[in-house]
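The values are calculated or read from the model by the stated rules, or taken from the named source; none is laboratory data. Since we're looking at a predicted model, the values are computed, not measured. So basically every Cβ, Gly included, is an ideal-geometry build from the backbone, and we count neighbours across all protein chains shown. Only protein heavy atoms, including side chains, enter the accessible area calculation; ligands, DNA and RNA are left aside. Shrake-Rupley method; radii C 1.70, N 1.55, O 1.52, S 1.80 Å.
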Amino acid sequence: MVRRVQFGLAMLACSVVAGCGSAASSTATPTKPPDLVLYDRPVTREVLDYEQFPGRTEAVLSVEVRSRVSGYLNQVYFQDGGFVEKDAVLFQIDSRPFQAAVDRTQAALAQAEAHAKRLSNELQRAKILFDRGMSISREEFDRYTFDHAEATAALGTARAAHDLALLDLEFTRVTSPISGRLGRRLVDPGNLVQADTTPLTTVVSQDPIYVYFDVHEAAMLRIRRLLQEGAIKAEDEHRVPVEISLSDETEFKHKGVVDFTDNRVDLNTGTLRFRARLDNPNGLFTPGLFVRVKLPIGSPHPALMVREEALTSDQGQKKVYVLRRAMKDGEPAFFEDKAGKPILGRDGAPIPKYNHTLVDLGRIGVLVDGYREVEQGVEPDDLIVVSGLQKLPKDAP
């Protein structure tokens with residue numbers, strides 16, 4: 001509970017003004033408002049240390065859809081921004097030229113098959129005659145053999161050309177390579193599409209989703225040391241749990257797990273890139289969102305905490321003003337009158353003396369319900385000045 005200390009009670013002054021042959025009169029000065037100094041004692045709570053980092057969401061899979069064949073676009077089969085399954089048809093390119101190519105290569109394949117079959121039969125008859133030594137020379141037998149080999153190779157060429165034509169015909173139906181949410185179409189029907197060049201749309205996966213954030217060197221080294229000591233319950237830094245909050249949320253409601261850290265520290269920023277993976281079944285997260293990432297460090301432990309508003313900055317260091325019992329000859333000091341006797345308070349007890357001093361808190365930790373974890377500088381019995389330091393005179397009761 002925040003306590004209040006009142007210093008310098010206001011005095012009511014009266015003055016008597018005398019006049020020639022006039023009656024005496026008195027005026028009262030207005031009461032001065034009391035000077036208040038608010039202070040509080042540190043509290044001890046069980047906390048879990050963590051670091052907060054800004055991050056951005058990105059899709060696990062992201063594809064820019066392009067056509068594999070050139071032609072004029074005929075149909076678009078999706079609504080901009082809609083969700084599609086893998087292999088769903090998105091665009092249709094005019095397939096008539098490709099169908100004609102299929103028909104042509106199919107006829108060429110049939111011709112090559114017939115030619116190869118005829119030469120195969122001739123080779124079989126020539127082999128029988130040559131083996132029996134009947135009316136066929138070695139030169140003629142070789143000619144039959146190599147003519148058949150050429151026909152077989154031509155048949156393979158015709159079959160490959162036909163397969164390629166079938167593949168090009170299939171590519172006139174542009175399909176989605178992944179399941180996810182589509183962007184807007186970038187080409188309208190009637191336009192010419194160049195193979196492997198013209199972007200048609202984009203599709204990104206939605207569930208799960210990645211969150212990328214940069215961790216400074218001090219936090220990264222601390223995490224690794226705590227992992228080695230077993231203070232963090234994770235196999236390695238690639239399995240550290242994290243909590244994530246969206247820009248319109250005050251609490252960290254979403255859970256994820258770090259599944260990747262970069263292989264080197266960025267020399268320009270002194271940070272290491274981390275990536276967390278989290279489930280997104282409801283589609284709340286979308287690629288490109290700003291998020292806050294809470295990275296737990298260590299295990300729950302008791303910690304001394306002071307009010308956040310009591311902290312002040314001095315050359316980048318966080319400090320607080322502390323009231324501590326004044327000591328005299330190793331004993332607590334009390335306020336004394338001119339005769340050297342202790343001054344008694346309203347409760348009849350001597351009024352103790354306090355000295356105020358500025359102490360360095362070292363590294364400050366987590367913030368919980370308005371209290372900030374501190375590493376050093378304060379003791380449980382200290383009085384921490386929350387506000388009104390300028391009204392705290394030296395050696396005042």
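Data for the structure
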quantity	calculated
Any hit, segment 224-241, residues being at pLDDT below 90, under 18 Å from ALA59 (Cα atoms) and surrounded by fewer than 17 Cβ atoms within 10 Å (Cβ to Cβ)	no
Filter result for the condition that a residue is closer than 24 Å to ALA158 by Cβ, within 39 Å of the chain's Cα centre (by Cα) and of a type outside the set (D, E, K, R), over VAL69, VAL84, VAL76	VAL69
Top-ranked residue of segment 196-223 - restricted to ones that are open to solvent by 10 Å² or more (accessible area, probe 1.4 Å) and among the aliphatic types (A, V, I, L, M), ranked as modelled with the highest pLDDT	VAL204
Members of segment 323-354 found to be among the aliphatic types (A, V, I, L, M) and free of Cβ contacts under 8 Å to residues at least 60 places away in the same chain, listed by number	ALA326, MET327, ALA333, ALA339, ILE343, LEU344, ALA349, ILE351
Residue check for PHE83: at pLDDT 95 or above and closer than 19 Å to ILE178 by Cβ	no
Hey, ALA101 small (Gly, Ala, Ser) and in contact with a helix residue (DSSP H, G or I) (Cβ under 7 Å, 6 or more places away or on another chain) or not	yes
Whichever residue in segment 283-322 is farther than 18 Å from GLU58 by Cα, in a loop (DSSP other than H, G, I, E, B) and among the aliphatic types (A, V, I, L, M) and, among such residues, is modelled with the highest pLDDT	LEU311
Answer from ASN280, ASN263 - the residue that is surrounded by 14 or more Cβ atoms within 10 Å (Cβ to Cβ) and either modelled with pLDDT of 80 or more or outside any loop (DSSP other than H, G, I, E, B) (or both)	ASN280
Of residues in segment 359-372 being in a strand (DSSP E or B) and in contact (Cβ under 8 Å) with a residue 60 or more places away in the chain, the one surrounded by the fewest Cβ atoms within 10 Å (Cβ to Cβ)	VAL368
Residue within segment 244-263 that is within 30 Å of LEU361 (Cβ to Cβ) and in contact with a Gly (Cβ under 9 Å, 6 or more places away or on another chain) present	yes
Test: residue in segment 340-358 that is within 30 Å of LEU48 (Cβ to Cβ) and either open to solvent by less than 80 Å² (accessible area, probe 1.4 Å) or not in a strand (DSSP E or B) (or both)	yes
Filter result for the condition that a residue is within 30 Å of ASP103 (Cα to Cα), touching an Asp or Glu at 6+ places or on another chain (Cβ under 8 Å) and open to solvent by less than 60 Å² (accessible area, probe 1.4 Å), over SER176, SER245	SER176
Segment 75-101 - residue that is open to solvent by 70 Å² or more (accessible area, probe 1.4 Å) and assigned to a strand (DSSP E or B) and, of those, farthest from ARG185 (Cα to Cα)	PHE83
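One line per residue, one yes/no per condition, for (1) surrounded by fewer than 16 Cβ atoms within 10 Å (Cβ to Cβ); (2) within 37 Å of the chain's Cα centre (by Cα); (3) farther than 30 Å from GLU64 by Cβ:
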{"position": "GLU140", "(1), (2), (3)": "yes, no, yes"}
{"position": "TYR144", "(1), (2), (3)": "no, no, yes"}
{"position": "LEU169", "(1), (2), (3)": "no, no, no"}
{"position": "LEU186", "(1), (2), (3)": "yes, yes, no"}
{"position": "ASN191", "(1), (2), (3)": "yes, no, no"}
